[in-house]
Every structure is written in C-alpha cells, then in structure tokens.
Amino acid sequence: MALARFVTASRGAAGAWGSMKWRSFHLGPRSRLGIGPRRLARLRELTAEGLRRRRAAACRSSQDVDWESWRGYAEALATANEASAAEKPKSEGEGVGDEAHHLTALQAPNGSAVVLLTPTQKLTFTGKCQLICLYGCVQVSGFIISQGRQECNLFSPHTHSALTIEAVSHKQSDKTKKDSRTEARAVLKQCLPLASRRTLMKKFSPACSIILLTGLNETVSNFILSHQDYAGLFTTKQKEKRFCIKPSEPALTAIGIAQLKTQCGHVMSESSQLATKELVQACVEENDGYPVILVCGPKNVGKSTFNRHLINGLLNQIPCVEYLELDLGQTEFTPPGCISFLNITEPLLGPPFMHQREPHKMIYYGEASCEHDLERYIETVKYILCFCKRDAPLVVNTMGWVKGFGLMLLIDIIRLLSPSHIVQLSVKDTEDLVPLTPEYVQTATGLHTKGKLQVKHKNLGMLGAEDPEQQEEEKEDLCFQKFTGHKLLCVQCDFHGVGDPGSVRCHSNILRDLAILGYLSKMQPVELDQLVPVNSLIPYQVPFHAVALWTIHSDVAPAHIMYTMNASWVGLCRVLEDFKHHSEGPILLTQTPICDCLGFGIVRGIDMEKKMYHILTPVPPEKLRLVNCLLIGSIGIPHSILKNQMLSRTKTVSILPTDLCSHHPCVHSSPDEGIYGCRNWDPS
C-alpha cells in the first residue's frame, strides 16, 4: 500500500516538473509519503544530480557562445601578460616580495643553510655569517667569490647599509647541462640529505649559484656584543622591522641572519659602477706605472663605501692594493685619530670595526679633526709619504671637510700626491665642492701652496730678492707644488639619505667607539674559549723613566700630567730621542712629535710609590720594547668599557692587586679572585 502511494506521488511530481522551469523541491514528512530517511536522502541526491545535468546540457546546446574560442583567448592573454612582466625591468624595491618568496634556502643537518640563487638574484641581510660558494659564483660588495675559494666572513650590522649577496653569471661552455647537474649533485651530497637535494635540484639550472651559509662565532664581534650598548648590533633596528621579509626563511633564521628587502642594501649608482670599472682597468693595464687614486667629497656621500667596493674590485684582478688613510675621524683599518699606510690583500666584507689591521706605517695625530692644527697635519702627511712604496695601486681616502680651509688643504694634498685619478663624489643638484679639474687645481690657492699663475708672478720678483730666507721659502714652495695633472671622475651618489647628516644610520662618535672596541678585542687570550673582561686582563708595568709623556690636544701643567694620564687612551710611539739617562720620572716632552705609532693602550693605573704605569695593550712584547713615548689625545675610552664591566671567574687570568690601583675609577675587584702580578715591559 505504501509503495503504491509512493509511485502515484512520484508520477505527479514528474508531471509538475515538466510544466515549470524550476521550483525548490521539498518533501513532506514521512507521514505523507511513507519514505524512510535513507530513501529520502537518495531522492534528494538524484534531484540535485538531474539539475546539474540539465544545466550542463543547456550550456552545450547554446549556439551563442563559442567556449573553445574563449578558452584559447584566455590562455593567450595569460601567456602575453607573463612575457611582458618578464621583459619589464623592475624598479628598485619592486618585486622584492616575489624574489624573497622564490628564494630557495634549505637547512643542512649541521645547522648551516644551503641557498640557491638564480642569475642576478640577491640576498640582502642583517647579521653575520660565513659564506662558502659550492657552485657558480656570487658577488659581495664588489668582491667575487667563486667555487673552490676559501670561506669568507660576512658582517652586516645595522650601523651600515646591509650587505647583499648577488649571483653572478658564470660561463661553462665546455660543460653540458647534464654535466652541470651531476657536479651540483656531487657538491650537495656532502651537505644535504636525499630529500632536500631533490627539492633543490628541481629548481636548479646551470646558470644558478649555490652557497653555504654558516653561523659565525668569532672573537671580535663577540667581544663587541658583550657590551650592553651594542648587544643588538647585528639585528635589524626596531624602526626598520617592517622592511624584513615576513615570514623569514627558517634556514636563514637558524644561522642568525634576517633577510631584508633589496632596497635596504647599498645600491651603487651607475656613475660609481662606471668609475670603478675604469679604475680597475687602469690598474690592470699599468700603462704609466701604478695609478694613484684619490677619493674626495663632502661628508655622508659614501666615500668609505666606494673605497671598499673599489678595493674589492681591484683584489679580483691583482693580489695587493696600497691604502693611505688621511681621514682622522672615520678611519678604515685603525682606531680614530690616525694617519696610516697599509697593504691590503684580503677583501673588505664588513664595516671598519670588523677589520682592524696592523698598518705598515702609522702616526697618531690624536684628534678626530685637524682644523685646530693644520700645519702639523700637512707635516704628518709629508712624513708618511716618505714610506709609501708605490709597489701597487694606491687608494687615498680624504676627509669630508671641503669648504674654506678644508678645500685649500685638499688642494695642497693633491699637489703633494700628484694623483693619476681623482674620484669626486657629490650629491645631485648640489655644489658642495667645485669640480677639481686639472686646470682648477693648477690655479687654485692652497693653504701652503700657491697656484701656477701666482708662482710665475713670484718668480719675477725672486731675481731681485736679497733675503736668503725668503729665497729658500720660495724654493721649497716650488718643490712642493709639483703637479703633473690627473683624470677627474665625477660620481653622483643617489642612495637614501645621501649628503644629509640627519639621515645617517649611525653617528660618527659611535663608529669611533666601535673601532676602538674592535681594536681592543685583540687582547682576548687565544687559549680561552670564553671572553675575558678588560678589567680582568693582565697589564704591563712600565717604569716612569722608560717612556716620555705628552698631551696633544691641550696644554697641561706638569703637576697635573698624571691626572690626565690615568684612565686614558694613549698612543704607544717611538721618538728618536733617548731617555736612558733619566733615572726618575715622569719625563715630559717639550712639543708634539711627528713619530711612528706602534699601537694603542689603556692606562689602567699608576703606582706613584713604585713609579710604574700599568698599561693594557694588544701590542706584542717584541714591539713594546721599541716604545719610548706615550701620547695622549682627545680620543677617549668608550663609555661602554667603563660602565659595563663584568667580573671574571677564570682563575688563570686575574686583576691587579687593589693596593696598586684602588684610586683607578674603572677598576673593579673581587675578594674571592686570585691575585696575579703585572707583566714587565722591558724598554731596553
């Protein structure tokens, strides 16, 4: 009976469906049709399936729409859009998110990161790491790191523009695609497991580069990071967090680096790239001997960055580059306040405080600016030029003081050095410095020299001059004025904040403190795995009669010289005068000497009873025997050393006895630490 009622109701419903276009189907309760839950669910499925079939039939039978033509048109349009996007050059910062998204970085079992870079792909980061090129070649700050080269340490703190690792196209005409893949697999087999290798090889092409990045643990950066003021030196600034790629690659985060957008790194302008290429070519050809390249320009235009790129570019072609530092405030390889001459054989892949090196010759000027004693500055430059060997291309860095007396001093330096090339950095639409053409340099008035027309005019009057001193002065000026001309290369810098003192990433006084900390890190004992605070290092004891004293930046009464000396940053120098005939001290000089500086130290304490200076210094004993003069300048000890000292629990290294330096303000003692005597400084 129930089945008969169901069939009758179904026929009535079918007739209703045929007469209407569409109406929502609704079945009554079970009491009306007598259908169970399973049959009811099945009936609803059949109804919905029938509706889908009728709609599909209606679409197929439509003659107004050619679906195949529309599908072909859509595919052609998508292909054209992809091609135009690939051909269109990306502007600075455009597509950074896509680039970062497609960056392939896999974590190795030992914690390292294996990164695959397609041609011209870039990885900009903040942090520190060690780089090994496994396949192809990459470029960092103008230096090319190719396959098979030893590892390179990269340092990218937030005080400077972030470093960028860029893949460089490499030619392998003698290798097939199969050979390249086989070589890449063999290299990756030593670093990655099978599953990770397969993932990376899916995106591999012979033009790609593969690098291995490892977390870096070394003494210099660890010592700087141990001071509270600089604990976050290798992390991204809080105000720049929005520039970080989110989410960051886990493999990169594991080794301690943060990936940034490409525009956060330093971008070399087109003019700077052309100038660097021309200078490298001139140094390789050596048509007229080794070139002398003088880099000048106002403050905050990127002179130091350009020098690093230039030196790295030269080291790609030649084994050694000579460097003359004439900028007292922002030195590259030494603590501030120095004029130095060095031979550079290793690339510069970090800021200055991470590559403090021992110079071939160094003079301690004692101040961050020369404006208070211009004559002593030019005499110091003359002195150090006597030791420049000119056995390799010479790069000369100058100060950013290019107005007034600063410009006149720059003219004197150019005439004194006779450079073959002058690179003049400037900001677009500004006139901080006139173009230093050969004609302008020949006729301009210097601080201690005269222009060509002025010299000719003076020569006419020298014939009747009767004063021998005047004739000698004019003759010396003519010798000083030797100048043979140069080639001027004008470079316009266009990075963010160029020429604006308010947009600098870090103030100059902080950079000077970091340079001193980098220098003092050399005092850390090599045999110990942990860092030793400065107040726990063993100082040298120096007799009063062994060294002479002098204060450079101010006049100090002899009775107050010890107050000036205590807790001071001093230059360890050597003068020609002999002080062995002095039985007591302290010995004071009569004027500021221009002499060799062998290193630097901190006067940790003064023992007035035993007449001893207690000095901390990384200078080795064999050089300390040559030191007979301590020069005190306006360069001070970083405050982070004085206020962030820790107590060492290492029994092998101990502090000075309290009775020797209890008056010293930066000495902290602990009663449960052992007492260790001072090391003797034998000046003989």
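The values are calculated or read from the model by the stated rules, or taken from the named source; none is laboratory data. Just so it is clear, the structure is predicted and the values come from calculations on it, not from any experiment. Positions of Cβ are backbone-derived with ideal geometry, glycine not excepted, and every protein chain shown enters the neighbour counts.
Determine, yes or no, whether THR445 is loosely packed, with under 15 Cβ neighbours inside 10 Å, modelled with pLDDT under 90, assigned by TED's automatic domain parsing to the domain that holds ARG308 and over 26 Å from ASN343 (Cβ atoms). I'd like the intermediate steps shown before the answer.
On the way: loosely packed, with under 15 Cβ neighbours inside 10 Å: yes; modelled with pLDDT under 90: no; assigned by TED's automatic domain parsing to the domain that holds ARG308: yes; over 26 Å from ASN343 (Cβ atoms): yes.
So THR445 does not fit the description; no.
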Discussion item. Residues that are surrounded by 18 or more Cβ atoms within 10 Å (Cβ to Cβ): list the helices (runs of 4 or more DSSP H) wholly contained in the stretch 232-327 that include at least 3 such residues.
Written reply: 270-285, 303-315
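Which of the residues belonging to the stretch 334-349 are part of a loop (DSSP other than H, G, I, E, B) and either out of contact with any helix residue (DSSP H, G or I) (no Cβ under 9 Å at 6 or more places or on another chain) or closer than 22 Å to ILE552 by Cα (or both)? Spell out the reasoning first.
Taking the stretch 334-349 first, the residues part of a loop (DSSP other than H, G, I, E, B) are 334-337, 345-349.
Passing the criteria: THR334, PRO335, PRO336, GLY337.
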Discussion item. Which condition from (1) at negative phi; (2) modelled with pLDDT of 80 or more is the one that GLY485 breaks?
Written reply: (1)
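With the requirement that a residue be of a type in the set (A, V, I, L, M, F, W, C), outside any strand (DSSP E or B) and out of contact with any Lys or Arg (no Cβ under 8 Å at 6 or more places or on another chain), what does the stretch 402-432 give you?
VAL402, PHE405, LEU407, MET408, LEU409, LEU410, ILE411, ILE413, ILE414, LEU417
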Worksheet item: Restricting the search to the stretch 563-609, which residues are under 23 Å from SER536 (Cα atoms), among the aliphatic types (A, V, I, L, M) and surrounded by 12 or more Cβ atoms within 10 Å (Cβ to Cβ)?
Response: MET565, ALA567, VAL570, LEU572, ILE602, VAL603, ILE606
Worksheet item: Of the residues that sit in the stretch 412-436 and are hydroxyl-bearing (Ser, Thr, Tyr) and surrounded by fewer than 17 Cβ atoms within 10 Å (Cβ to Cβ), which one is farthest from TYR377 (Cα to Cα)?
Response: THR430
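Kindly indicate which of GLY289, GLY337 is touching a strand residue (DSSP E or B) at 6+ places or on another chain (Cβ under 8 Å) and at positive phi. Steps first, answer last, please.
On the way: GLY289 fails: touching a strand residue (DSSP E or B) at 6+ places or on another chain (Cβ under 8 Å).
Of GLY289, GLY337, the one residue that is touching a strand residue (DSSP E or B) at 6+ places or on another chain (Cβ under 8 Å) and at positive phi is GLY337.
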Worksheet, complete the sentence: Within the stretch 118-133, the residues that are among the aliphatic types (A, V, I, L, M) and modelled with pLDDT of 95 or more are LEU131, ILE132
Worksheet item: If you check SER662 against the conditions, is it of a type in the set (S, T, N, Q), at pLDDT below 70 and exposed (fewer than 13 other Cβ atoms within 10 Å of the Cβ)?
Response: yes
Practice prompt. Mind listing just one residue for me: the one in the stretch 329-369 that is buried (at least 21 other Cβ atoms within 10 Å of the Cβ) and among the hydroxyl-bearing types (Ser, Thr, Tyr) and, of those, farthest from SER221 (Cα to Cα)?
Written response: TYR365
